[in-house]
Amino acid sequence: MSTPTARAPAPGPTAEDPGLLRTMTLIRRFEERCVELYSAARIRGFMHLYIGEEAVAAGVSAALRPDDAVVSTYREHGHALAKGVPARAVMAEMFGRVEGCSRGRGGSMHLFDVARRFYGGNAIVAGGLPIAVGLALADSMAGRDRVTVCFFGDGAVAEGVCHESLNLAALWRLPVVFACENNRYAMGTALERSHAQTDLAVRGAASGMPAWACDGMDVRACAESGRRAVAHARSGAGPCFVELRTYRFRAHSMYDPELYRTKAEVEEWRRRDPLPALAADLLARGTLTADDVERLGADVEAEVDEAVAFAEAGTLEPVADLTRFVSARDLRGAR
Amino acid sequence: MSTPTARAPAPGPTAEDPGLLRTMTLIRRFEERCVELYSAARIRGFMHLYIGEEAVAAGVSAALRPDDAVVSTYREHGHALAKGVPARAVMAEMFGRVEGCSRGRGGSMHLFDVARRFYGGNAIVAGGLPIAVGLALADSMAGRDRVTVCFFGDGAVAEGVCHESLNLAALWRLPVVFACENNRYAMGTALERSHAQTDLAVRGAASGMPAWACDGMDVRACAESGRRAVAHARSGAGPCFVELRTYRFRAHSMYDPELYRTKAEVEEWRRRDPLPALAADLLARGTLTADDVERLGADVEAEVDEAVAFAEAGTLEPVADLTRFVSARDLRGAR
Amino acid sequence: MTAATPAGTTFREAFREGVRDALLRDPRAFVVGEDVGRYGGCFGVTRGLLEEFGPERVRDAPLSEAAFTGAGIGAALGGLHPIVEIMTVNFALLALDQLVNNAATLLHMSGGQLPVPLVVRMTTGAGRQLAAQHSHSFEGWFAHVPGLRVVAPGTIDDARWMLWAALQDPDPVVIAENGALYPMTAPLDASLDGVELDHAAVRRPGSDVSLVTYGGSLPKVLEAADVLAAEGVDAEVLDLRVLRPLDDAALLATVARTHRVVVVDEAWRSGSLAAEVCARLMEQAFYELDAPVVRVCSAEVPMPYAQHLEQAALPQVESIVRAVRELVTRRG
Amino acid sequence: MTAATPAGTTFREAFREGVRDALLRDPRAFVVGEDVGRYGGCFGVTRGLLEEFGPERVRDAPLSEAAFTGAGIGAALGGLHPIVEIMTVNFALLALDQLVNNAATLLHMSGGQLPVPLVVRMTTGAGRQLAAQHSHSFEGWFAHVPGLRVVAPGTIDDARWMLWAALQDPDPVVIAENGALYPMTAPLDASLDGVELDHAAVRRPGSDVSLVTYGGSLPKVLEAADVLAAEGVDAEVLDLRVLRPLDDAALLATVARTHRVVVVDEAWRSGSLAAEVCARLMEQAFYELDAPVVRVCSAEVPMPYAQHLEQAALPQVESIVRAVRELVTRRG
Ligand SMILES: Cc1ncc(C[n+]2csc(CCOP(=O)(O)OP(=O)(O)O)c2C)c(N)n1
Ligand SMILES: Cc1ncc(C[n+]2csc(CCOP(=O)(O)OP(=O)(O)O)c2C)c(N)n1
Ligand SMILES: [Mg+2]
Ligand SMILES: [Mg+2]
């Protein structure tokens, strides 16, 4: 077992870099637009932004095959987009439209796209971990070499079911990658007030699986850890635990007054923003020209514009269908 | 933090030894009588025997003050007797008598004696751990130097609430001794089928507290670990985790056909029976004479006889009082 | 299909045959739970199945109710047909979040994308002096949750066949097995090859009063009906079988025949399933009732260990008979 | 005692005053839960209390509902008066084992040795587009459990004072706070210095029909009563306040006055607390009823996110008024 605290060294450039930049940019622009739309009350309910953490979703997801599965949390826009769920379907969902990826039944916290194997939005902290274990169990019993990645936060590690799930996956040697997004806060509770052992990879290792931490603000490090973790799981060697050390630039949700941290702390982390960092590096290396970067930005803007237009044009489920999808018996023939 | 797997070296004799022998003998004889009484249907429901594990309760409890608290499981006769709950009150409880330590409402799995701070019988595996944390929280907030010992099994370590409780106690630096009785089985599930990480002290250490394992078949080792653990907790340094490696000689409960282990394995462990081992050692050292040992045995027999007679003579709660003790409002003036 | 002689099948054997049958006929089915394998099942239901089907399909789980139940949900999403065994409904509280927030909601939250063909078996009920943490009857709580189907076998044939029907159901199905039934014996209907999970069943036709019940209380109620028959009271016994969704038509039909109803439910009275039955009759059969519906439930007390107190806390043949006597003699 | 002007107190402020008052007057009281301190409480109820009382008495807990609720039970056994805050009733499912198997049973299992003077606050209810995992109303489940007392404030004065009464109670008390109430404002009765936790309260006397409700539905029901008054229907509004034990006398008194009852409960209809109210009326007031009791509850669906669907799923002033209209025009 690798020592829990071992951090993957920052790896060099790869051919994936431009793709990573695009994914991160899409997530960033998409969510910036979400903020406007929330203020305009086009989006309602709880909405949790991923801004600042894009390197994690982009990097880890880059290691996945289309038939690999992702289980996520309520802070999942980034994971959904990185897994290929169309921005338009995500936006329409937040508008509560039939065209949304969950037909408007789920909203921001409950994005699903079975075709892309995105078993997304679980809003019970740590509630998704056993589901990921079960998806992997199904693959392993069927002899399929698919991998399931489960994203969860630092706070989730305090929940008992997290430990039950880690143990189960390790005991049964299941192909699960436990991707712990340590953004240092669980709502307003700082890491050191949630955990006596703040080195979260130690908790993963204690369940009997390889566990390591990596710099979640460095998308190349995330991609590297993702490749390593997914390869390990796919090899049949069982699960592994990756702690991705990152930071949430925005409030926990749209209701959070952020009384628990200083502006200075946020500013400091913003200086480590993975987007400009990668863009600058690719320009410096000449991998991309200024035009390329500008075009990429314009592409993404267009994609987000289209998503919003699609959502605006979306339709509402008839109230008569309120109790549809309570029983799968209705589905027989229905869809 | 001490290395999780560090085992306390078998310590030498102490003045406590005769007392330890008596406690172990009382537990053993008491439970042997329980078996007879269960066959005679004087005792009913689920009954879990501690036979083989006596060194743990006797050793650890010897380190406690009367005002220290113990939280236990459904396999608790030994813990109750070692904490000073009168054998007669325990026996009467199993007979369902008003004179029982829980007035016959609890039975074998639910022994309580507040006067002796025995918060005993919890029959939900790992359900007692948070209660122990809370008792310790009350002491720590009140500035009392009392310690709470929580006994639980190897199987309990798989339950999520176990990890939540360890973390909470460590985070708040509470005076709790987590005494994990690893008897290698959770009902019929062997340790290695319950845990990917079978070194249970590692799990305790991962929650950020000192954790070590000790030979649970050596009562002096248990007493030594108990002293060390209780001293640590009482010092204000926070909780600690002790894995006591022991073995249950009898079936899990009276209904268990024991399909999951071999007679040979049981026999092998029986050879390590802590009772004859200590008696022989004390005779060899001349600490006790053959007469002393015989007298001790006779004393204990008399105590158990008296307990049974007391239980037989006990009375039944009137059916009219069925719903008493549902609300503490009834107690006002009641007792 | 069952080895046991029709005359002498125990409910335990019938449940085992149901599980065995599922593993034989459905390659996607597997059993997971605490001590289902090497131990043989805490109540012996799965004994011998590990040897027959191996550790992959009869899977011992660690003490982790939330995780292995949630894993069952995930496995169902992944295309398997998990049969999760939770030793008792008391411990099912540890898995309730997974059952309520995931199993029951995923289909709806995903706009119809995620059916959860999961079966969860659990033992319920009291009567064996297991005291306050091992004697609950929470099946009524599951029956409150949209997205779940809840069934409670009370006959040997339902014990034998409900699991197969549950496996065919596209929704998560909770099977509440009352522990008092396991040792009871009854003849299996050899001609039967299945049951449905939609309707209640009249176990004894009658004209004077309807006794509505389910699960472990059914044998007591049938015995009470015999006692009453001897007294000239002709009681109809309706076995709900399916606790969610309730079979309103069957409730209305029986009250239309007898105009008097006693509901027998082992759960604590307040907030019991019996309350919902009263409410349905209030709403849909008020003008059919010659007298108010009567409930015979457990006393509202954490179950005491002492035998005489436990027996006094539970519905008994005598208390059922007494309640019916009072009801039928009451003027409409 | 409250800083806010009588006219403009929000329920959020009233709840905060209640918690603050408890910490000021009871040295053994402390608050524990997720984000009660630095964050200020997920719904802002405990904002400012950390600064005033410090981290020992306003204690941020990790995400461990089972452990910190169980720790509250242990602390109560140890002589403290814990006020456990569980963010929402949905997450309380993770602590249900501790509340049912320990808090509610310890006194009885120990033969009267272990009272558990614990208070557990939790937010319940829907209406804010929080979808299927954040919109439950499980207070009825707690009301099923002997050993627990369950209360649901629906007025500003109960919001302000119920916590103190709960702290004086020797039993574990669950306080279900409907989240929709927090932003609402109402005048506090300055003359009041406490409330009891035993009785229901008539919030509006009336003679034609009784509207029985509690918690977050109370404002809707009072509004409906006004609409009905304009139509010449004089509705009495009974606020249950205490969900366990139910105040039967108050139920019987109101039905004796009006002979017609509508129960409004935000929970799913089947197995709701409204069912228990129907059952009590069936058992105790059958001959007083001129027509069957009617239930207005939530549609039996995991709460959808889309606003129009969520609103359609919940009891509304219009649906309550419609139900009453039908009932009063129905011939006895
Ligand atoms: C079981 C449960 N408890 C509490 C909450 C409320 N809540 C939502 S997010 C959150 C913080 C989770 O922190 P973390 O796991 O670090 O994820 P992050 O939000 O930082 O991405 C809390 C307490 C919840 N949704 N589920
Ligand atoms: C939550 C819960 N799940 C299952 C059970 C049934 N059960 C009782 S004891 C036991 C095994 C516990 O093993 P361990 O913790 O090692 O303690 P031991 O019995 O070996 O002393 C099980 C599964 C229970 N009582 N509670
Ligand atoms: Mg976090
Ligand atoms: Mg064990």
- Task: Within 10 Å of each Cβ in peptide D:290-296, how many partner chain Cβ atoms are there on average? Round it to a whole number, please.
- Result: 3
- Note on the structure: Fewest to most Cβ atoms within 10 Å: A:Y185, A:Y38 sort as A:Y38, A:Y185
- Note on the structure: Whole-Å distance linking the alpha carbon centroid of the stretch C:152-229 with that of the stretch A:18-74 is 51
- Note on the structure: Honestly the protein assembly as shown on the Cα gyration tensor test (a ≥ b ≥ c root eigenvalues; a/c under 1.5 rounded, otherwise a/b vs b/c for prolate or oblate) is just rounded
- Query: Tell me, what HN-Hα J-couplings in whole Hz come from the Karplus equation 6.51 cos²θ - 1.76 cosθ + 1.60 at θ = phi - 60° for each residue of the stretch C:194-206, using x for Gly and Pro?
  - Reply: x, 9, 9, 10, 10, 10, 7, 9, 7, 8, 7, x, x
- Message: I'd like the Karplus ³J(HN,Hα) series for the stretch D:27-41: coefficients 6.51, -1.76, 1.60, θ = phi - 60°, whole numbers in Hz, and an x wherever there's a Gly or Pro.
- Response: x, 8, 7, 8, 10, 9, x, 6, 6, 6, x, 3, 6, x, x
- Message: I'd like the distance separating the alpha-carbon centroids of the stretch B:161-221 and the stretch A:129-157, in whole Å.
- Response: 26
- Under a straight-distance cross-link criterion of Cα-Cα below 14 Å, which aspartates and glutamates are reachable from D:K220, leaving out those fewer than 8 residues away in the same chain? D:E236, D:D239, D:D265, D:E266, D:E318
- Distances from A:A190 to the same residue in each other copy, label points 7 Å out along Cα→Cβ, in nm, shortest first? 4.8
- Near the amide H of C:V294, under 5 Å away, which other amide H atoms are found, from residues 5 or more places off or on another chain, if H is placed in the peptide plane? C:V261, C:V262, C:V263
- Query: Restricting the count to DSSP beta bridges whose residues both fall in chain C, what percent are antiparallel, rounded to a multiple of 5?
  - Reply: 15
- Note: A:167-176 gets an average of partner chain Cβ contacts (10 Å, Cβ to Cβ) equal to 5
- Take every DSSP beta bridge with both residues inside the stretch C:161-247 and express the antiparallel ones as a percent of the total, to the nearest 5. 40
- Message: Please state the shape class of chain B: rounded when a/c is under 1.5, otherwise prolate if a/b exceeds b/c and oblate if not, all from the C-alpha gyration tensor.
- Response: rounded
- Loop-resident sites, the stretch C:280-332, for trypsin sites (Lys or Arg not before Pro), counting at most 12 other Cβ within 10 Å (DSSP): C:R330, C:R331
- Query: Can you tell which of B:A82, B:A302, B:A179 shows the greatest fluctuation in a Gaussian network model of chain B with Cα springs below 10 Å?
  - Reply: B:A302
- Task: Evaluate the charge dipole of the stretch C:202-324 about its Cα centre and quote only its size in Debye, nearest 20, assuming +1 on the Cβ of each Lys and Arg and -1 on the Cβ of each Asp and Glu.
- Result: 140
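Indicate, rounded to the nearest 5 percent, the antiparallel portion of the DSSP beta bridges found entirely in the protein assembly as shown.
On the way: 20 of 134 bridges.
If I count the DSSP bridges inside the protein assembly as shown, around 15 percent turn out antiparallel.
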- Message: Only Cα pairs within less than 10 Å get springs; with that Gaussian network setup on chain C, which residue of C:M303, C:M162, C:M282 has the largest fluctuation?
- Response: C:M282
- Footprinting proxy, C:E196, B:E267, C:E288: sorted fewest to most Cβ within 10 Å, the residues are B:E267, C:E196, C:E288
- Message: Give me, ordered by chain and number, the residues 5 or more places off B:V149 or on other chains with an amide H under 5 Å from its own placed amide H.
- Response: B:A69, B:V70, B:V71, B:V177
- Message: How many angstrom lie between the Cα centre of the stretch B:265-335 and the Cα centre of the stretch A:259-335?
- Response: 67
- Query: What shape does the stretch C:263-325 have by the C-alpha gyration tensor, where a ≥ b ≥ c are the square roots of the eigenvalues, rounded means a/c under 1.5, and otherwise prolate means a/b greater than b/c and oblate the rest?
  - Reply: oblate
- Note on the structure: If labels are modelled 7 Å from Cα along the Cβ direction, D:E52 lies from its partners in the other copies at nm distances, smallest first, of 6.6
- Task: Would you pull out the residues with amide H under 5 Å of A:F112's amide H, same chain only if 5 or more places away, H placed 1.01 Å from N?
- Result: A:S102
- Task: Obtain the nm distance between the two label points defined at B:R65 and B:A280 by a simple spin-label model: each point lies 7 Å from its Cα along the Cα-to-C-beta direction.
- Result: 3.9
- Spin-label pair D:F286/A:D145, simplified geometry with 7 Å Cα→Cβ offset, distance in nm: 7.0
- Message: How would A:R75, B:R65 line up from fewest to most surrounding beta-carbon atoms within 10 angstrom?
- Response: B:R65, A:R75
- Query: How far is A:R65 from itself in the other copies, in nm, if each label sits 7 Å out from Cα along the Cα-Cβ line, shortest first?
  - Reply: 6.4
- Query: Residues of B:260-269, mean number of Cβ from any other protein chain within 10 Å of their own Cβ, rounded to a whole number?
  - Reply: 1
- Query: Smallest Cβ-to-axis distance in chain A, for the rotation taking A to B: which residue, how many Å?
  - Reply: A:G160, 1
- Item | MRE, 222 nm, helices only [DSSP H, n ≥ 4, -39500 (n - 2.57), over chain D, to nearest 500] | -10500 deg cm²/dmol
- Item | Of A:P276, A:P86, A:P210, the one that fluctuates the most in a GNM where chain A has Cα springs shorter than 10 Å | A:P276
- Message: With θ taken as phi - 60° and the coefficients 6.51, -1.76 and 1.60, list the Karplus ³J(HN,Hα) couplings across the stretch B:86-95 in order, rounded to whole Hz; mark glycine and proline as x.
- Response: x, 3, 5, 5, 5, 5, 4, 4, 5, 8
- In the stretch A:239-320, the chymotrypsin sites (Phe, Trp or Tyr not before Pro) that sit in a DSSP loop and have at most 12 other Cβ atoms within 10 Å of their own Cβ are A:Y255
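Computed from the coordinates by the stated procedures, all read-outs in this text should not be read as laboratory data. Treat the numbers as computed from the prediction; the structure is a model and nothing was measured. Here the Cβ is made from the backbone with ideal geometry for all residues, glycine too, and neighbour counts use every protein chain on show.
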